[in-house]
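Peer 1: There's a structure below that I have some questions on.
The values are calculated or read from the model by the stated rules, or taken from the named source; none is laboratory data. All figures in this text were calculated on a predicted structure; none of them were measured in a lab. Glycine gets a Cβ as well: all are built from the backbone with ideal geometry, and neighbour counts include every protein chain shown.
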Amino acid sequence: MTIKVCEESYNHSVTADERKITTSSSAFGILRQQLVRNIGIDRMKGFLFHFGWEMGINDAKEAMKTESSLEELIKYGPILHMESGQIRGIQHQCVVKKEEQGKVLSVLGTGVWIDSYEAAEHIKRLGISKTQVCHTLIGYSSGFMSTIFGEQLLAREITCVGRGDAECRWVIKTQKEWVQEKDEELHFYDETPIVKELQYTYDQLLEQKNIVTRLSDFQNKLTEEVSNGSQLKAIADMVYNLIHVPIVMEDTEFEAIAYAGLTEHEYLELKADKEQGFAAKDSVPLVRRNRIRTEALDILIAPIYVQKEILGYCSFLYKQLQEEKLDENYLLLDRVANAASLILLNEKTRFESFERMKGNFLDQILDETFPVAEIIKRGKYTGLDLTQPYSIAVMEYRRAQSSIEEEFLLQEQIFEATFRFFKEKKQRLLAGHRDGNLVLLITEETSRQTAIYDVIKSFHDYLLSKYPQGQYKFGISNRGNEIKHASKAYEEAAIALRLTMRKPVVLFQSLGIVGVLINSKNQSGITMIAEQELGPLYTTKDSKARELLRTLYIFLLNGGKLEQTMADLSLSMSGLRHRIEKIESLLNKDLRDPNETYQLLLIMKSLIALGELDME
């Protein structure tokens, strides 16, 4: 079956310009829902307000064609509002005050909208709102009243059914009156039209696209330079040629590593300006990018991280920094700092690999793996003249109450700090690990006439300032003249290390007769004398006996001074006297006899040096 209909229909009562479109409130509810979904609730408020505003203006213009009385127009407005179907009823009153010449002084309109379609549809589609929802209604009222008065009037909803209130109550006043009351919602009525908003958004996206493109090109050039093995100076030159902004790369002490776009004289002036800028701040920006303003420059600075440690800083210098480009410049700076991090990491890895190789070489020297001639030849490859006199230092380091991971981290940090310290001092050395300690071989040539004790003491102080959570002790050997005796020098340094109870740095030379005894390897004889002289305090492993043995050692170190010994052991005077009496009884010795005490101290120091006794 086929049905075919051909027909033409016209409504001659509808004009082309002002035709009425009949639709349901649900259609506007759906529109409202879609607006919220696509442009957000804040943008939707402005859109509906201006939509209502234009409807109010059109209805006011039509009304003014047949009615010129302001009073009648005020009465007619609510009727037109109801006829539009937006509300079912209205209660309102309006008070207008004028000058004699007819100029409006003030307008105060109040009222209640009955059965607002906006409130009903909002609840139906979106639920109860936190704010008023009749945006089209206030727009319509504002547009209608502004047109008939010839000046800006604005309506505001005070209570709203869509918010859960009992009624939709509104107030309308001139814009001047709202401004005088400092109403915080006035910006809502001046919302940017959606077309302009979209144009602005498009412009922003286009600008962001251009920024991303520039950053991508910049990043590609940086990556290429890093991949080609370029040094920091080449990176600085390339960056300056690309963005024409002076750049400075510095170490953690703010000493120049590389810079471009300024002369040496300009750099020195910059350094003075930067110090002035730092002095004006509460703290130096050590851990994140920052901005420093001086009298002459605007400086953006970012740290250069290598394995979570700051090794330097990268700075851009501006005579006049454009605020709108601040974020883009920060992004460029971050990428340069990252490139510098990769270069420094590569240099650090290469340097550490070489130093670890030197550490293996030190092990071979101490193990006497190669003949002397071969050792001297290989030493030249590391930059050391091993025909020169030398000293060996052994360092013990530990971290109080630390885990295995923390101990390992401290070991790595100290190893790196060792290279850094001696590199800054321009002193070459061999460094490695042996028996859990750090071993350093330093020739007189590299120590440059500085006493080895002073070199190591300076290194000890540096470690304490850099890693104060650690404890560091050093033993230093006698001066060695031939590299074939390096293992003997190592033993001397290890013995001196065991006797670092009172001092963090001990020279083997300072051990006196103890050093002579140990160096002649009379271990069996020393042990036999110890068993004879210390008796049960040495032969037993009882904890109380060990406690008495430690008390004896501290007492002897203090030269028999009770007050100092009491303080060192945190004992009362009566408790200390009791221990001394017990020790004298067990050993059958008089601890006031200097001959007895000197011999006992010598024996105990010898045992400690041999590693047979631990007084820690």
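The rows are residues; the columns are (1) surrounded by 14 or more Cβ atoms within 10 Å (Cβ to Cβ); (2) free of Cβ contacts under 8 Å to residues at least 40 places away in the same chain; (3) in the same structural domain as Ile414 (by TED's automatic domain parsing).
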{"site": "Thr294", "(1), (2), (3)": "yes, yes, no"}
{"site": "Tyr305", "(1), (2), (3)": "yes, yes, no"}
{"site": "Phe316", "(1), (2), (3)": "yes, no, no"}
{"site": "Leu331", "(1), (2), (3)": "yes, no, no"}
{"site": "Glu355", "(1), (2), (3)": "yes, no, no"}
{"site": "Asp385", "(1), (2), (3)": "yes, no, yes"}
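Peer 1: Still on this structure, I have one more. How many residues does the stretch 360-383 contain that are touching a residue at least 24 places away in the same chain (Cβ under 8 Å) and of a type in the set (D, E, K, R)?
Peer 2: 3
Peer 1: Counting only residues that are touching a Lys or Arg at 6+ places or on another chain (Cβ under 7 Å) and farther than 17 Å from Lys221 by Cβ, how many does the stretch 330-362 have?
Peer 2: Number satisfying all stated conditions: 2.
Peer 1: Scan the stretch 227-238 residue by residue and report those that are more than 25 Å from the chain's Cα centre (by Cα) and hydrophobic (A, V, I, L, M, F, W, C).
Peer 2: Residues satisfying the conditions are Ala234, Met238.
Peer 1: Do we have any residue at all in the stretch 419-427 that's under 23 Å from Gly475 (Cβ atoms) and among the charged types (D, E, K, R)?
Peer 2: Yes, because at least one residue in the stretch 419-427 is under 23 Å from Gly475 (Cβ atoms) and among the charged types (D, E, K, R).
Peer 1: Does the stretch 91-132 hold any residues that are closer than 21 Å to Gln175 by Cα and surrounded by 18 or more Cβ atoms within 10 Å (Cβ to Cβ), and which are they?
Peer 2: Those that are closer than 21 Å to Gln175 by Cα and surrounded by 18 or more Cβ atoms within 10 Å (Cβ to Cβ): Val107, Gly109, Gly111, Gln132.
Peer 1: Would you pick out the residues in the stretch 227-249 that are part of a helix (DSSP H, G or I) and touching a residue at least 24 places away in the same chain (Cβ under 8 Å)?
Peer 2: Matches in the stretch 227-249: Leu232, Lys233, Ile235, Ala236, Val239, Leu242, Ile243.
Peer 1: Also: Among what's in the stretch 327-364 and is closer than 20 Å to Leu440 by Cα and aliphatic (A, V, I, L, M), pick the residue that is farthest from the chain's Cα centre (by Cα).
Peer 2: Looking at the filtered set, the residue picked out is Leu362.
Quick grid of which residues meet (1) buried (at least 18 other Cβ atoms within 10 Å of the Cβ); (2) modelled with pLDDT under 85:
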residue	(1), (2)
Gln564	no, no
Leu576	yes, yes
Leu601	no, yes
Met604	yes, yes
Ala609	yes, yes
Asp614	no, yes
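Peer 1: Ok, one more. If only one of Lys196, Lys173, Lys182 is outside any helix (DSSP H, G or I), charged (D, E, K, R) and modelled with pLDDT of 65 or more, which one is it?
Peer 2: Checking each option against the conditions leaves just Lys173.
Peer 1: Please find, among Leu410, Leu430, Leu463, Leu497, the residue that is closer than 30 Å to Ala373 by Cβ, surrounded by 14 or more Cβ atoms within 10 Å (Cβ to Cβ) and either touching a residue at least 12 places away in the same chain (Cβ under 8 Å) or of a type outside the set (Ser, Thr, Tyr) (or both).
Peer 2: Step by step, each of Leu410, Leu430, Leu463, Leu497 is checked, and only Leu430 is closer than 30 Å to Ala373 by Cβ, surrounded by 14 or more Cβ atoms within 10 Å (Cβ to Cβ) and either touching a residue at least 12 places away in the same chain (Cβ under 8 Å) or of a type outside the set (Ser, Thr, Tyr) (or both).
Residues checked against (1) in contact with a helix residue (DSSP H, G or I) (Cβ under 7 Å, 6 or more places away or on another chain); (2) without any contact (Cβ under 8 Å) to a residue 60 or more places away in the chain; (3) under 30 Å from Leu35 (Cα atoms):
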{"site": "Thr66", "(1), (2), (3)": "no, yes, no"}
{"site": "Pro78", "(1), (2), (3)": "no, yes, yes"}
{"site": "Gln86", "(1), (2), (3)": "yes, yes, yes"}
{"site": "Lys103", "(1), (2), (3)": "no, yes, no"}
{"site": "Gly127", "(1), (2), (3)": "no, yes, yes"}
{"site": "Thr131", "(1), (2), (3)": "yes, yes, yes"}
{"site": "Cys134", "(1), (2), (3)": "yes, yes, yes"}
{"site": "Ser146", "(1), (2), (3)": "no, no, yes"}
